[in-house]
Amino acid sequence: MSEVNVKPSYKINILMRKVKFKVTRLEKGAYMHKELREGPEAVLKTLSEAESQVEATAKLLKEQLEAGVSYGFIIGSGTSFHASLFLQYLLNKYTELNVTAVPASEFADWRPIGAKKYFIIGYSQSGESSDIVEAFNVAKSAGVQTIAITNTPGSTLTKISDAYIVTRAGEEKAVAATKTFDVQLAAALMLTYQLIGKSLSDIEKAAEASKEILEKEDNIAAIAEKYKNAEHAFGLGKDSAYAIALEASLKLKEAAMVHAEGFAAREFLHGPVQLVDETTPVLVFAPSKEGFLGSAKAMEKIAQYKAPMILVGPKTAEVEKYAADFIEIPAVESDLAVIPLVKAAQVFAYHVSILRGLNPDKPSKLSKVVKY
């Protein structure tokens, strides 16, 4: 009789603990969780509603080329700077444009003094970041053409730009950017595809692949459980995934209070590998099988020091042996893979944060828009 009484009580206790965890998750990080899951639809909405603005922006850049202006800067801060790096990768790889990504706060000192033959593209989710607005004003005073990519219609940046693309993520309340970064990546792909005459509809595949990552959230949460106590971590990326490694590391810092740094995969061997040991998780991002193979030397070296590696990318038998854990992304064209790759990074950082008892919606030292 006692067994009959004990078992239901035990099951109730387990159920209550699960309910308590779900309630805590809803209370802490409710916005970040909701918004990261809205990312795929935000990408699709941007595709369907921002095409005319992308066309106008591409037209301006083509006119710049015709006028002999092929060089430009792409600026942004924080997450937006990582989007700038991805757009630099695309434009330099596929077009006749030659662009350099620069942190917005450094632009005034890095720009070519006195030169007018360049253009500037600025990423700002709010369109109000003081570093971006100031950089645009500096550029405009020199007669430079300006292009804004922002998530906020009617913002200061749209008002002072010669062309702009407004992404369609909707309001983002969590301080840690998730869906707004998704659409920044989409805008980079849309602009590049428009310039080279490639169908924008291909980008839908990236949104669908990102949805598949969300279906694996429980699996990613289980991986996060294994590393919730890590105080240090690294993100490594190859090719287009370099920007994702930087963003993944930023999310771990912002949301989970983990000291994390991002590097190009092989660059990690030039010094930072000195810091790894069996307590240091290393997330390795690759947009393709070739990307993983290009990172294999770095993984081989890291494995010698027993650092656990979390591989994020398409299944690749040649490197699976290095993985303590593997987050598989659907097979899509490598440039499109950044969108599902970063979704995995966002979900991982979110769950590490919650498991550490933190509130990723409101990091204590950060604000949504930096205006000072």
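Coordinate-derived values only; no laboratory data. Every value quoted in this text rests on a predicted model; they were computed, and no experiment measured them. Heads up, the Cβs are rebuilt from the backbone with ideal geometry, glycines too, and the neighbour counts pull from every protein chain shown.
Just a few scattered comments:
- Only Lys, Arg (+1) and Asp, Glu (-1) charged, at Cβ; the chain dipole about Cα centre in debye: 960 debye
- For trypsin sites (Lys or Arg not before Pro), the sites in the range 271-372 that DSSP calls loop and that have at most 10 other Cβ atoms within 10 Å are 321, 365, 371.
- For the range 277-372, the relative contact order works out to 24 percent when only alpha carbon pairs closer than 8 Å and six or more residues apart are counted.
- The chain, relative contact order in percent, only Cα pairs under 8 angstrom and at least six apart counted: 19 percent
- Across the cross-link table entries 198/238; 289/321; 28/362; 173/343; 253/297, which are compared at the Cα atoms, the separations over 20 Å belong to 198/238; 253/297.
- Convex hull volume per residue for the range 189-265, taking Cα atoms only, in Å³: 106 Å³
- Stokes-Einstein diffusion coefficient of the range 38-198, Kirkwood radius over Cα pairs, 10 °C, 1.306 mPa s, in µm²/s: 104 µm²/s
- Residue-averaged [θ]222 nm for the chain, counting only DSSP H segments that reach four residues, each worth -39500 (n - 2.57): -16000 deg cm²/dmol
- Matching label, semi-axes √(5λ) of the Cα gyration tensor in Å computed from the structure shown, candidates (i) 47, 24, 18; (ii) 44, 29, 16; (iii) 38, 23, 19: (iii)
- Relative contact order (percent, whole number), the range 205-355, Cα cutoff 8 Å, 6+ residue spacing: 33 percent
- Loop sites in the range 216-267: chymotrypsin sites (Phe, Trp or Tyr not before Pro), DSSP, at most 14 other Cβ within 10 Å: none
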